[in-house]
Amino acid sequence: MASGVIDFTKPLGEPALTSPDSISWQVFKNPVALFAGGVAAVILELAEPRVRSGIWDHTTFRTDPLARMERTGLAAMVTVYGARSVAESMIAGVCAMHGRVRGTTPDGEPYRASDPELLDWVQATAGFGFLEAYAAFVRPVSDAERDRFYAEGVAAGRLYGAVGAPASTADLRAQFDAMRPKLEYSDIVLEFLEIMQRAHIVPRPFGTLQSMFVRAGVETTPGWAREILGLDARFGLAAWERRLVGALGALADRIAVPSSPPVLACRRLGLPSRYLYRRA
């Protein structure tokens with residue numbers, strides 16, 4: 001993923017919001033987990049009517065999905081790998097933007113992007129999507145690692161305004177239970193999946209893989225949520241596709257791209273370029 005205008009090598013020696021030995025630094029370095037996990041997160045976000053209206057009415061996702069995803073991806077990279085001062089500055093800008101986003105759902109329910117309940121939901125779904133895609137398509141993740149992953153995200157979540165974001169898997173389950181009655185079917189979820197299928201995200205020679213990564217995201221979404229949204233087996237992976245995505249995820253976990261934010265962040269902290277890839 002391109003680092004954009006952010007220099008992940010500076011300020012030299014400045015730590016990030018989470019440490020290099022965190023589960024977060026392992027999960028977010030993997031492009032397969034990020035793609036599939038990001039799809040799962042957006043599916044869950046679009047299932048909530050207020051979040052759905054905020055995304056569909058106030059972003060360029062429908063008209064320029066690639067640019068929107070690049071901005072979102074860069075924000076995630078800065079949050080995890082950027083120097084603390086850089087991450088805090090970027091997050092403050094995102095929060096200021098959220099403060100201007102408000103409206104009414106088609107059913108007449110008002111919403112604000114800065115609503116803590118909605119921010120908690122977005123934080124929870126993002127963490128769940130990325131972690132579960134990593135566990136499904138890269139390597140097994142223990143219950144202790146899951147708890148640690150959610151705890152690591154608390155500091156960044158609070159900066160974003162997600163003061164009640166889950167700090168453990170138990171918190172996540174409780175949040176899912178609380179939000180489940182508010183989720184609903186929407187054709188917009190299907191439109192989102194169609195956009196993800198046709199947008200030129202993966203280089204053209206690998207277009208078939210893009211379709212599989214999208215469907216891997218559907219499979220990462222909890223079964224109860226897929227049922228609410230009408231995402232049956234047609235939207236998922238065949239057995240051989242699941243094995244292929246897993247093989248690609250494991251392979252990607254061993255490839256240290258010199259220009260990638262994870263590698264540049266390691267350089268900023270005086271760590272070897274392959275620090276995050278040594279155990280892979």
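Across the stretch 210-236, what is the total count of residues that are farther than 20 Å from residue 67 by Cα, assigned to a helix (DSSP H, G or I) and either under 20 Å from the mean Cα position of the chain (by Cα) or among the aromatic types (Phe, Trp, Tyr) (or both)?
12
Scanning the stretch 114-145 for residues that are surrounded by 24 or more Cβ atoms within 10 Å (Cβ to Cβ) and either at pLDDT below 95 or part of a loop (DSSP other than H, G, I, E, B) (or both) gives a single hit, 138. Taking residues in the stretch 67-89 that are touching a residue at least 40 places away in the same chain (Cβ under 8 Å) and on the phi < 0 side of the Ramachandran plot, and partners anywhere that are among the polar types (S, T, N, Q) and surrounded by fewer than 19 Cβ atoms within 10 Å (Cβ to Cβ), the pairs with Cβ atoms closer than 8 Å and at least 6 places apart or on different chains are 74/3; 77/3. When residues in the stretch 142-180 are screened for being among the polar types (S, T, N, Q) and under 18 Å from residue 117 (Cβ atoms), 1 of them pass. Taking the stretch 72-112, which residues are among the basic types (Lys, Arg) and under 23 Å from residue 23 (Cα atoms)? Across the stretch 72-112, the qualifying residue is only 84. Per the conditions (1) part of a loop (DSSP other than H, G, I, E, B); (2) touching a residue at least 24 places away in the same chain (Cβ under 8 Å); (3) within 26 Å of residue 226 (Cα to Cα), the sole criterion not satisfied by residue 63 is (2). On inspection, residue 16 qualifies as crowded, with 22+ Cβ neighbours inside 10 Å, part of a loop (DSSP other than H, G, I, E, B), small (Gly, Ala, Ser) and in contact with a helix residue (DSSP H, G or I) (Cβ under 7 Å, 6 or more places away or on another chain). Taking the criterion of being under 15 Å from residue 158 (Cβ atoms) and among the polar types (S, T, N, Q), the only residue of the stretch 101-118 that qualifies is 114. Restricting attention to the stretch 213-260 and to residues that are closer than 30 Å to residue 273 by Cβ and of a type in the set (S, T, N, Q), the residue that is surrounded by the most Cβ atoms within 10 Å (Cβ to Cβ) turns out to be 220.
Summed over the stretch 106-157, the residues that are in contact with an Asp or Glu (Cβ under 6 Å, 6 or more places away or on another chain) and more than 21 Å from residue 45 (Cα to Cα) give a count of 1.
Scanning the stretch 204-245 for residues that are closer than 17 Å to residue 135 by Cβ and of a type in the set (Asp, Glu) returns a single hit, 219.
Taken as a whole, the stretch 77-99 holds at least one residue that is crowded, with 17+ Cβ neighbours inside 10 Å, within 11 Å of the chain's Cα centre (by Cα) and closer than 22 Å to residue 203 by Cα. Hey, any hits in the stretch 33-45 for a residue that's in a loop (DSSP other than H, G, I, E, B) and out of contact with any Cys (no Cβ under 9 Å at 6 or more places or on another chain)? No: the stretch 33-45 contains no residue that is in a loop (DSSP other than H, G, I, E, B) and out of contact with any Cys (no Cβ under 9 Å at 6 or more places or on another chain). Scanning the stretch 19-60 for residues that are closer than 24 Å to residue 88 by Cα, over 11 Å from the mean Cα position of the chain (by Cα), aliphatic (A, V, I, L, M) and crowded, with 24+ Cβ neighbours inside 10 Å yields one hit, 51.
The values are calculated or read from the model by the stated rules, or taken from the named source; none is laboratory data. All of these numbers come straight from a predicted model, not from anything done at the bench. All Cβ positions, even for glycine, are placed from backbone atoms using ideal geometry, and neighbour counts span all protein chains on display.
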